[in-house]
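Q: My questions will all concern the structure given below.
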Amino acid sequence: MAKQVKKKKRKLRIGRLLLILMIPVLVILGTIFLTYRNSLKPVQKTSETVTFVVESGASTKQVAAKLEEEGLIRNADFAYIHVRSKNLTDIKSGTYTLDKSWNVEQIFEVLNDPNAGEVETVSVTIIEGDWAKHVAQKISEVTNVSYDELMSLWNDEEYIRSLMDRYPFITEDVFNPDVRIRLEGFLAPNTYLFYPETDARTVTEKILDQQLSVYNRFADQIAASPYNVHELYTLASIVQYESGKVDDMKLIAGVFYNRLAINMALQSSVTVCYAMDNDNGENWLACEANADFESPYNTYKYPGLPPGPIVNAGEDAIEAVLNPTESDYYYFMADVDTGVVYYAKTLEEHNANVAAHTTYH
């Protein structure tokens, strides 16, 4: 009996000891739970709206930390645990208006709403006559996408082939080894809005979508032309580069068609500018003086059209090559000072125009 009494007393002592040990554990757990519950409450009772920005690519933990830092929630770690349990981690980038009287769940519900945020965008304008390299530079200046990344992508055969079913103006002709930039000529002039944090493919395909809209407007005429789509875009790029005024485009297009019809070299100095990589005709005299420059793009040395477009042409230039003005002209020259274009039927007439309307002779 004595042994049984001792065992009972020992068990009671162990039970009391365990109870004593459990009390602080329970107190700690209770404190943690209360702290957790309190951390989910609003930081203040009175309404106060503030602007909060979620950067593109920010994780839920990063957003929670920023919310705590900016005084919108009490505890980032507890907030993270809570929103994970509520499946509120599909946070959208953008600029939000939040209220300090909202609890954690209310805040994250807004951050998960794709229509709640004002997304910051940047504007890029591609003008008629821009080269691909000019477009890449403009985009790289206002987004996280680099110039080199874009230029590389616009020459990436595997990527470009993946686009061909979607964009009918991209054909096998762009893979001619003489083509300098495969998407040159297909980067549609327009003003675009991009996210500052984006990627090269998203940017590229937004521009190509615009070109598709242009192409679709002319699709029937393109299909009816004796020239294929690559040739038409190439000729449009030359017309764009040569023409300072929309009114001259159709007549200039007609001059080039007259030359092509008799296998006469186009002899366009702007193709020499592109061949020399002479930025968009700056120091245009260098283009005029280098008719012998070795390049497949040089239409003084090589008859017919160059391997591909030399600028990104606008709709007016595309329409001009599809609806040229017929004439007996085989020559033209523009007065650099006035922009007036003078046309001629013969070389003699052309030389007379050059002598009369240029200042560098």
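Just so it is clear, none of the values below were taken in a lab; they were calculated from the coordinates. No experiment lies behind these values; they were computed from the predicted model shown. Cβ atoms come from the backbone with ideal geometry, glycine included; neighbour counts cover every protein chain shown.
Q: Pairs to check: Lys41/Lys61; Lys245/Lys301; Lys66/Lys92; Lys206/Lys245; Lys61/Lys92; Lys61/Lys138. Give those whose C-alpha atoms are more than 25 Å from each other in this structure.
A: Lys245/Lys301; Lys206/Lys245; Lys61/Lys138
Q: Sticking with this one: Okay, helix-only estimate at 222 nm for the chain: each DSSP H run of n ≥ 4 adds -39500 (n - 2.57), divide by all residues, round to 500 deg cm²/dmol; what do you get? Don't skip to the answer; put the middle values down first.
A: On the way: 14 runs with 177 residues, N = 361.
Value at 222 nm, helices only, nearest 500: -15500 deg cm²/dmol.
Q: Would you work out if region 55-207 is rounded, prolate or oblate? Take a ≥ b ≥ c from the square roots of the eigenvalues of the alpha-carbon gyration tensor; rounded if a/c is under 1.5, else prolate when a/b is larger than b/c, oblate otherwise. Please list the in-between numbers first.
A: Numbers: a/c = 3.33, a/b = 2.68, b/c = 1.24.
In terms of gyration-tensor shape, prolate.
Q: On to the next question. Using amide H atoms built 1.01 Å from N in the peptide plane, name the residues 5+ places from Val53, or on other chains, whose amide H lies under 5 Å from its own.
A: So Val53 has HN proximity to Tyr96.
Q: Select from region 282-345 those GluC sites (Glu not before Pro) which occupy a DSSP coil region and have at most 13 other Cβ atoms within 10 Å, ordered by residue number.
A: Passing sites in region 282-345 are Glu282, Glu294, Glu326.
Q: Right, something else. Return the distance in nm (one decimal) between the two label points of a simple spin-label model at Glu109 and Thr35, each offset 7 Å from Cα along Cα→Cβ.
A: 2.8
Q: Under a Cβ-Cβ cut-off of 10 Å, what is the net charge of the residues other than Tyr342 that fall near it, where Lys and Arg count +1 and Asp and Glu count -1?
A: Summing Lys/Arg as +1 and Asp/Glu as -1 gives -2.
Q: Taking Cα centroids, how far is region 117-138 from region 143-211 in Å?
A: Cα centres, region 117-138 to region 143-211: 13 Å.
Q: Ok, one more. Taking amide H positions as placed 1.01 Å from N in the peptide plane, with prolines and chain starts having none, which residues 5 or more places from Tyr331, or on another chain, fall under 5 Å of its amide H?
A: Under 5 Å from the amide H of Tyr331 lie the amide H atoms of Ala344, each far enough along the sequence or on another chain.
Q: Which helices of the chain meet both criteria: a Cα extent of 27 Å or more along the helical axis and a mean Kyte-Doolittle score no lower than -1.0, with helices taken as whole DSSP H segments?
A: Membrane-span-like by this criterion, though nothing is claimed about a membrane: 2-39, 200-224.
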